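Here's the structure, in structure tokens; my notes come after.
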Amino acid sequence: MGFDQLSGKVTASSFKEVLLPQLGSKRKEVIVGPQYGVDNSIIDIGNNIGMAVSSDPLSLIPNIGPKASAWLSVHLLANDIATSGFAPKYGQFVLNLPAETSLSIFEEYWRYVHLFCKQIGVAITGGHTCRMGGKDTVISGGGTMFTTAPLNEIISSHGAEPGDVIIVTKETALNSSSILAMSFPETIKNNLGNVVFQKACDNFYETSSLKEALLAAEYLEKNTELKAMHDVTEGGVLGAIYEMACASETGFLVYNNSLPTGEAQMQIMDLFEIDHRFCIGAGAMIMAVKKGKENDLIEYLAKHNIKATAVGEMILKNKGFRLVENGIEKDFQFDGVDPYWKAYFNAVKNNLK
């Protein structure tokens, strides 16, 4: 069933075998429910208005501090909603804080949650807050964000079709490399130097993909030219492309040499001996775009200082998942495991500084 990994999201098989068969009561107004590779549920609330809803864990990572943790907590949620083509409007937060969390840390964390929500127009509408003993994790609870929009304009990550061009914004492993650098600064500086360390730290605040999602939805016609979007989280850029293809019931052909990379990320990933293509990559967005519109979108995003790269295309499902490496086309295999988690917890266990 693929449930034996120690950290990260459950695999596709566990999702399909355990969760999907048991989803409570069926309601006709649920247009898009839980699906592997789909970021948002979509609910018809009447008068051609839809509500997009998404949930994610909240982060409270001691090594990076309350402010950076709050940034992740807010923007990883917002990135999911952004794949609908609209900005989030409302947020609920459930905080299960470690018992040792001090009042000053809590106050600072929540102040920044408030500030970052305010900056992107999200009203905090409720939740639950407590402290819990026996927690040995950087996950401090969970959050849900909501938005409303014309039902026929909401995009879903299961809308890609064969022939669509796959675009990746920004670069691979932005989020994971930044957290590793901020969590183990002495290790990064001693092995890779101050320049790489500073670049990785600067990259941390590039982990919102809300701006490019809204720009793409503004520039292209939703659901006909901009077919689908999926934010890059666990499993990295290649994992996100795989998830979008699974959700859309297509295959894909991706050119490995086209995947956008950054020097700082590559050096950090190499130091921790993990594959940048499969590591948490929040800040990058996967877009499925009607063929012929990809260059226009890439140029439009570039005018707004957002890097975007065409890396391949969606193909028929029976053609499978294909990756071209060093000129050789081969089957793509993905087990759902993100190597970042093992690297992070091994570094903590080994007392890296």
Q: Identify, by number, the condition in (1) touching a Lys or Arg at 6+ places or on another chain (Cβ under 6 Å); (2) outside any helix (DSSP H, G or I); (3) closer than 20 Å to Glu171 by Cα that Ala264 doesn't meet.
A: (2)
(Q) Between Leu238, Leu226, which is buried (at least 24 other Cβ atoms within 10 Å of the Cβ) and in contact with a Gly (Cβ under 8 Å, 6 or more places away or on another chain)? (A) Leu226
**Q.** Of all residues in region 135-148 being small (Gly, Ala, Ser) and crowded, with 20+ Cβ neighbours inside 10 Å, the one that is modelled with the highest pLDDT
**A.** Gly143
**Q.** Residue selected from region 84-111 under the condition more than 13 Å from Cys130 (Cα to Cα) and open to solvent by less than 50 Å² (accessible area, probe 1.4 Å), by the criterion nearest to the chain's Cα centre (by Cα)
**A.** Ser84
**Q.** region 188-223 - residue that is within 25 Å of Leu316 (Cβ to Cβ) and not aliphatic (A, V, I, L, M) and, of those, most open to solvent (accessible area, probe 1.4 Å)
**A.** Glu221
Q: Could you check how many residues of region 53-66 are within 19 Å of Thr233 (Cα to Cα) and not in a loop (DSSP other than H, G, I, E, B)?
A: 7
Q: Give the residue, chosen from Asn295, Asn318, that is more than 22 Å from His158 (Cα to Cα), outside any loop (DSSP other than H, G, I, E, B) and over 16 Å from the mean Cα position of the chain (by Cα).
A: Asn295
Q | Meets criteria (among the aromatic types (Phe, Trp, Tyr) and not in a helix (DSSP H, G or I)) for Phe116 | A | no
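The values are calculated or read from the model by the stated rules, or taken from the named source; none is laboratory data. Only a predicted model underlies this, so the values are computations on that prediction, with no experimental measurement involved. Here the Cβ is made from the backbone with ideal geometry for all residues, glycine too, and neighbour counts use every protein chain on show. Accessible surface areas use protein heavy atoms only, side chains included; no ligands, DNA or RNA. Shrake-Rupley method; radii C 1.70, N 1.55, O 1.52, S 1.80 Å.
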